[in-house]
Amino acid sequence: MLKIDALSVTYGGLLALDQVSIRADEGEFIAIVGPNGAGKSTLFKAISGTVAAASGTISLDGTDLLAVAPPMRPHRGIAHVPEGRQVFKSLSVADNIAMGAWPLAPRAAEWTQTLERVHALFPVLAERRDQLAGTLSGGEQQMLAIARALAGKPRLLLLDEPSMGLSPRIADLIFDCIQTVHKTEGMTVVLVEQRAVEALSSCNRGYVLESGRIVLQGSQADLLGDDRVRKVYLGR
Amino acid sequence: MPDLLFIVESTLQALTAGLALGSIYGLMCVGLAVIFGIMRVINFAQGEFLMLGMYFALYAVVGTALKDWAGSALGSYIAVIGSAPLFYVVGTLIHRTLMSRVSGIKVLATDDEGQSAQLILTLGLSLVLQNGALIVFGSAPRGLGSSLASAAWEVGLPGDGGSIFINQARAVAGALAVLITVALAIFMSRTRLGKGLRAAADHPVAATYMGIDVARCHRIAFGLGTALTAVAGALVATYYPLQPYVGLEFVVIMYAGVVLGGMDSIKGAFWGGLIIGVVQQMSALILPTQLQTTAIFVIFLLVVFFMPQGLFGRVSDRA
């Protein structure tokens, strides 16, 4: 479904991503782990088009994504939950979700269904639907950011550090919801996380990204069994 | 107690005049606030858009058969309606050819977020339009000659008499300005496109992740802001003489109003303009008319001093 081949990205002369190749097949759950500054967010920004690729290719279902204008990419079925949530703070919770459904141009019936779906997943958002998103707690904002992404009925969900800044309890809840979406809807998920334990324990396959390079890749079992991953990322 | 009656009468007179004028000022401020609120661009050519709206109304009424067909009063309101789509298109064209080069997502990463280039561009545009207008329209003050400009409604006060006079052209212009502002507020808060514009203003990058074309939103915002200001200009033309530098007289009011109301709030901008209109007219009760503008800026400075976020602006927490 998503195929990234030899992607390089430079930031003011610095190489942020160096020949990165990643693949996500239909219905897969891919985890990308790595330390801060490894280029994980840059990878997602390149997919969404908010940073330019220096070389390499990104394709979605065989079409060249780099040739698609950035605001048109979500219309191809990609939803990006950015690092730091980036909800629309001056819009209500319901309007934030409506913005996530922008590619669908929702009609009344479909919109009600969309709302019910995300409210079932995150009941707190139903309670707070008329509140401004800026008044939500960090955990609620993260739920909103995910709900907003799901409202567009994407086929590929990109999640950038959804646990960042959250208490372990809330982070667990978020991971559970992501699992639910993946399992019940068969959505393809690519998750970027510093919390390697949670990320690797939910994935089918994973990649380890360090200093802009893929240093290791494999199935869940491969990665969890790897000595280096255990030592550096899992702390055992 | 003839003195008390006189005071009540003249206060009400000034208040009604202030509300009518203030509503028109409010609409001008809304035009500026739409552009600033959504694009984060301070448009220094706003006064010239107002001036062009006035000249459009003038030529639509006196330069065509409109005056003979509909009369000077109705004709001028037809010109007001006509100015909206025309200046929306003008605004989108200016955005496409000029503004898009110095604004939008791509300038967010630059050192000053493109502000120097925006200042030079809009200030330059303002000078070109002013002097262009001088060449094309000439420097002599002109008037639309609307029959309403010199007509007034007399409203009797209850009790022992006295009455106030309401200038018809200003009252109609003020009412239309309120109507347009309410329509815009409903558009921004209720419609999908309006919410999309607000999302693009709130967080352009996240809006892009939603599939919202921020460049298109900016084009719409610049078109809307231009059209609103030009419509306000066409309304002003129904009661005020015009010349190529007329924008300068109003641009000060626009900035003061927008800052009063909070830089990125459409409702706030309208209230800001309204307050300025009322203060300007009420101050004439106790101050010589030359000091009207001074009164505006005394209020302005007090607000800036005590409430720097404006009367209606939120204390922003943009991280």
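With all protein chains in place and a 1.4 Å probe, the accessible surface of the protein assembly as shown carries 62 percent carbon and sulfur.
Spin-label model, residue B:113 to residue B:287: label points 7 Å out along the Cα-to-beta-carbon direction sit 3.3 nm apart. Computed from Cα atoms, the angle from the helix B:168-190 axis to the main principal axis of chain B rounds to 30 degrees. Counting only aspartates and glutamates at least 8 places from residue A:183 when in the same chain, those with an alpha carbon closer than 15 Å to its own are A:25, A:26, A:28. Computed over chain A, relative contact order equals 29 percent, with contacts defined as Cα pairs under 8 Å that lie 6+ residues apart. Relative to the longest principal axis of the Cα atoms of chain B, helix B:66-97 runs at roughly 20 degrees.
Which FRET efficiency value, to the nearest 0.05, do you get for residue B:3 and residue B:64 by plugging their Cβ-Cβ distance into 1/(1 + (r/R0)^6) with R0 = 60 Å? Before the final figure, lay out the partial values.
Details: r = 51 Å, r/R0 = 0.85.
After rounding, the FRET efficiency stands at 0.70.
Normalised by 2.2 N^0.38 Å, where N is the number of residues, the alpha-carbon radius of gyration of the protein assembly as shown equals 1.18.
Rounded, prolate or oblate for segment B:117-274? Axes are the square roots of the Cα gyration tensor eigenvalues, ordered a ≥ b ≥ c, and the cut-off for rounded is a/c under 1.5. The partial results should precede the final answer.
Values: a/c = 2.60, a/b = 1.39, b/c = 1.86.
Oblate, since a/c reaches 1.5 and b/c is not below a/b.
The mean accessible area for residues of the protein assembly as shown, using a 1.4 Å probe and ignoring ligands and nucleic acids, is 43 Å² per residue.
Specify the angular offset, from 0 to 90 degrees and rounded to the nearest 10, of the alpha carbon long axis of helix B:115-137 from the longest principal axis of the alpha carbons in chain B. Its long axis makes an angle of about 50 degrees.
Before we go on, tell me the buried accessible area for the A/B pair, both chains summed, 1.4 Å probe, in Å² to the nearest 100.
Values: alone 10700 and 15290 Å², together 23910 Å².
Chains A and B together bury roughly 2100 Å² of accessible area.
Would you mind calculating the relative contact order of chain B from Cα pairs under 8 angstrom and at least 6 residues apart, reporting the percent as a whole number? Present the calculation step by step, with values, prior to reporting the outcome.
Numbers: 545 pairs, mean separation 117.2, N = 319.
Worked out over chain B, it gives 37 percent.
Once the Cβ-Cβ distance between residue A:183 and residue A:3 is put in as r, and R0 is 22 Å, what FRET efficiency do you end up with, to the nearest 0.05?
Numbers: r = 24 Å, r/R0 = 1.07.
Step by step, r from the Cβ atoms, then E = 0.40.
What order, most packed first, do the peptides A:121-127, B:86-92, A:76-82, A:97-103 have when packing is the mean number of other Cβ atoms within 10 Å of each residue?
On the way: A:121-127: 16.7, B:86-92: 20.6, A:76-82: 23.3, A:97-103: 25.4.
So the order, starting with the most tightly packed, is A:97-103, A:76-82, B:86-92, A:121-127.
Taking the chain by itself as reference, segment A:43-61 contains these residues with an accessible-area loss of 40 Å² or more in the full protein complex (1.4 Å probe, heavy atoms): A:50. With a threshold of 19 Å on the Cα-Cα distance, the over-threshold entries among A:3/A:45; A:45/A:231; A:89/B:195 are A:45/A:231. Computed over protein heavy atoms with a 1.4 angstrom probe, the accessible surface ordering of B:55, B:240, A:233, largest first, is B:240, A:233, B:55.
Pairs of alpha-carbon atoms within less than 8 angstrom and 6+ residues apart define the contacts here; what relative contact order does segment A:146-236 have, in percent? Can you show the working numbers first?
Working: 80 pairs, mean separation 20.3, N = 91.
In percent, rounded to a whole number, it is 22.
Note that segment A:230-235 has calculated 3J(HN,Hα) couplings of 4, 6, 7, 9, 9, x Hz, one per residue in order, obtained from phi through the Karplus relation 6.51 cos²θ - 1.76 cosθ + 1.60 (θ = phi - 60°); glycine and proline are x. Of the residues making up segment B:184-204, those losing 30 Å² or more of accessible area when the isolated chain is joined by the remaining protein chains, with a 1.4 Å probe, are B:192, B:195, B:198, B:199, B:202, B:203. If R₀ is 35 angstrom, what is the calculated FRET efficiency for the pair residue B:155 and residue B:305, using the beta carbon separation as r and rounding to 0.05? That pair, residue B:155 with residue B:305, gives E of 0.40.
On the principal axes of its alpha-carbon atoms, segment B:1-142 has extents of 67, 44, 27 Å, going from largest to smallest. Direction-averaged projected area, Cα convex hull, segment B:201-319: 9.4 nm², rounded to one decimal.
The values are calculated or read from the model by the stated rules, or taken from the named source; none is laboratory data. This is a predicted model, so every value here is computed, not measured. Cβ: placed from backbone, ideal geometry, glycine included. Neighbour counts: every protein chain shown. We work out accessible area using only protein heavy atoms, side chains counted, and drop any ligands, DNA or RNA first. Shrake-Rupley method; radii C 1.70, N 1.55, O 1.52, S 1.80 Å.
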